[in-house]
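Q: Can you read through this structure? Questions will come right after.
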Amino acid sequence: MKSSLMVKSVVLAMVLAMVASMAAFAVPISVEVQSIFKFSRSSQEGVLPFTSFSNTHEFRFRASDSGKWTLHLDTAASGAIQWNAPKFRAQLIATPVTFDVWGGGYDLGAASVNTDPAALIVMGSAAMRPFAFGGMTNNVAAGQAKVRSTFKVADANIAAVVHYLNNQRTYLEAYGDYNLDAATIGGIVRAGIDADEDLNTTAVVGFVKTEVGGVNIGGSAGARFGDSIDGDNVAFGIVADTKLQDGALVLQGEYVNRQKNFYDDQAHDAGYQNGTERFRNAYSSAADGKGEANLIRFTGTWLGEANKTRPLHNVLHATDYAVLTNLKGPAFQAIVQRTKDVSEEPELKLVARAGTRFLENNLWAVGELNMWKDEARVGSIAGVAGKDTRYQLRGVARYNLNDVGWNNWFLVGKFDYSSTSDGDETGSTRSLTGELWYESGKVRIVNGFTSAKASNADKPTNTISAEFRLKF
């Protein structure tokens, strides 16, 4: 396709221009190599010897000329040290326009994502994920690339994107928003250009964001058109949030509805639109999330005075030891979500989280309780097919060892328990993990022990591991 040739030509031209600039001018260049070596053993009895060994290696090249251009190349290898094709990102600032090109899995991150308030179309890939803490991403898979230009026209913010998917299909996207006195209005257009003209599609979404009585409100509505689309092509949604007690308490609510032909299974955000965070029940099949679906979600978060500047959707992270160190005081969160895909029954998901710092700069802990209720199915655990309800309780704690003279050392503990019942039997799994970490500058050492037990197993499976990570 001509569009794919255009994308590849732009990528090559930008990279060559920047490499040439490096040779002609003294510009900051950095190279980073990271190697990870991990030994482990999983067995029912005994500890040594280690029976598994893995190694991965990452290479990062960074070069930039401040305010003019940036070039990033990232690649990785494992096992026999055969390097993969690099992730790449290049940026060229030619005021008043900024050009970006990226691909191979490179993630530009949250700041680069454009989306309508109801996230009907997401010019990134994962959008906001309050359950998995994925946050906003804007990456492109291996073998694909995006070229984007951003600029202003009469105070309107404009972003135009070309997304080369494959030799069969390319997407052209445009985003724009404009600030009025009392509101922001905008829209997104996504055109899918296919080698088969009968499969060409166009999706259009308009949106408005405003504030009424201290409540932020956003509404989106759109439709998708094409010769291959026959009705049922509309989507709409409304979201609202408010901060109370000077931002210590945040309340959110949203309702989103999508007809089946609005969904585009080839778009780069198709996985998000088809995911359990949005329109698919957790234990439905992947196909169930591709048709008509709707979402209702309410979130209440108590941040307190100490945490109110933290990002709302990862302030209480029940799996990540690192973000705990940003938790300065007690915080609580409750989420109620109802999703309905094309399966027979809707799913209700309830989440309760709590966490705090117990000792200043020394001890943190977060716990989380999840419940899924779906009359259709909730999946099986330890050989027991769940009837309609499934539970998960998990948590993580971190304790710094600085006070005992072990600077840069800390302990991490993790707990995970899941269960479900078929009405007669209960199936369950539990996992306990303890890790001793040393992390300073370019060196990381992790020694860990995990004991996992299923209700239908006679003995637990114990795993020990040792990981060494070096950066150069």
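Q: How much length, in nm to one decimal, is gained on full extension between V404 and L251, taken as 0.36 nm per residue of separation minus their Cα-Cα distance?
A: Gain on stretching V404 to L251: 51.0 nm.
Q: Taking Cα pairs under 8 Å and at least six residues apart, what relative contact order does the chain come out at, in percent?
A: Reported as a whole number, the value is 10 percent.
Q: Turning to a different aspect of this structure: Within segment 321-373, report the GluC sites (Glu not before Pro) that DSSP leaves as loop and that have at most 14 other Cβ atoms within 10 Å. Write out the running numbers ahead of the final one.
A: On the way: sites: E344, E347, E360, E368; in loops: E344, E360.
Those that pass, being in a loop and sparsely packed, are E344, E360.
Q: For N55 and A452 in the same chain, what is the full-extension length gain: residue separation times 0.36 nm, less their Cα-Cα distance, in nm?
A: Stretched fully, the N55-A452 segment lengthens by 140.5 nm.
Q: Let me ask something additional. Summing +1 for each Lys or Arg and -1 for each Asp or Glu, what net charge is found among the other residues whose Cβ lies under 13 Å from the Cβ of F61?
A: +1
Q: Grab every C-alpha pair in segment 292-434, bin the distances at 5 angstrom width from 0 up to the longest one, and report whole percents.
A: Spelled out per bin, shortest first, that is 2, 10, 16, 16, 16, 14, 11, 8, 5, 2, 1, 0.
Q: Roughly how many Å² is the accessible area per residue of the chain, as a whole number, for a 1.4 Å probe? Don't skip to the answer; put the middle values down first.
A: Details: 22800 Å² over 472 residues.
Roughly 48 Å² per residue, with all protein chains present.
Q: Oh, and also: How big is the equivalent ellipsoid of segment 69-219 along its three axes, where each semi-axis is √(5λ) from the Cα gyration tensor, reported in whole Å from largest to smallest?
A: 30, 19, 17
Q: Next question. For the chain, what does -39500 (n - 2.57) per DSSP helix run (n ≥ 4), summed and divided by total residues, give at 222 nm, in deg cm²/dmol to the nearest 500?
A: -2000 deg cm²/dmol
Q: A further question on this structure: Return the whole-Å distance between the Cα centroid of segment 104-145 and the Cα centroid of segment 241-260.
A: 20 Å
Q: Can you give the translational diffusion coefficient of the chain in µm²/s, computed by Stokes-Einstein from the Kirkwood radius over Cα pairs at 37 °C and 0.692 mPa s?
A: Translational diffusion coefficient: 130 µm²/s.
Q: Label-point separation (nm) for N200 and I445, each offset 7 Å from Cα along Cα-to-Cβ?
A: Between N200 and I445, the simple spin-label model gives 6.3 nm.
Q: Oh, and also: For K146, go through the lysines and keep the ones whose alpha-carbon is under 30 Å away, minus same-chain ones fewer than eight residues off.
A: K2, K8, K68, K87, K209, K260, K290, K471
Q: Mind jotting down the distance between the C-alpha centroids of segment 417-449 and segment 300-373, whole Å?
A: One Cα centre to the other: 18 Å.
Q: Can you pull the percent of segment 282-378's accessible area that's carbon plus sulfur, 1.4 Å probe, other chains left in place?
A: Percent of accessible area from carbon and sulfur atoms in segment 282-378: 59.
Q: Give me log10 I(q)/I(0) at q = 0.10, 0.13, 0.14 Å⁻¹ for segment 155-258, Debye formula, one equal scatterer per alpha-carbon, no solvent.
A: -0.41, -0.63, -0.71
Q: How far is it, in nm, from the label point at D181 to the one at A352 when both lie 7 Å from their Cα along the line to the Cβ?
A: Placing both labels 7 Å beyond Cα along the Cβ direction yields 4.8 nm.
Q: How much net charge surrounds A382 when only the other residues with a Cβ under 13 Å from the Cβ of A382 are counted, with Lys and Arg +1 and Asp and Glu -1?
A: 0
Q: Summing Lys, Arg as +1 and Asp, Glu as -1, what charge do residues with Cβ under 12 Å from the Cβ of F298 carry, F298 excluded?
A: +1
Q: Between A287 and N84, what length in nm is gained on full extension when 0.36 nm per residue of separation is reduced by their alpha carbon distance?
A: The span from A287 to N84 would gain 69.9 nm if fully extended.
Q: Dividing the alpha-carbon radius of gyration of segment 407-472 by 2.2 N^0.38 Å (N being the number of residues), what value is obtained?
A: Its radius of gyration relative to the 2.2 N^0.38 Å reference: 1.54.
Q: Label segment 206-267 by shape, choosing from rounded, prolate and oblate, from the square roots a ≥ b ≥ c of the eigenvalues of the Cα gyration tensor; if a/c is under 1.5 it is rounded, and otherwise prolate applies when a/b is larger than b/c, oblate when it is not.
A: Since a/c reaches 1.5 and a/b is larger than b/c, the shape of segment 206-267 is classed as prolate.
Q: A follow-up question, please. Using the basic label-point model (7 angstrom from Cα toward the beta carbon), what is the T242 to K471 distance in nanometres?
A: Rounded to a tenth, the inter-label distance reads 4.4 nm.
The values are calculated or read from the model by the stated rules, or taken from the named source; none is laboratory data. Source: prediction; values computed, not measured. Counting neighbours? That spans all protein chains shown, and the Cβs are built from the backbone with ideal geometry, glycine included. Surface accessibility is based on the protein's heavy atoms, side chains included, excluding ligands, DNA and RNA. Shrake-Rupley method; radii C 1.70, N 1.55, O 1.52, S 1.80 Å.
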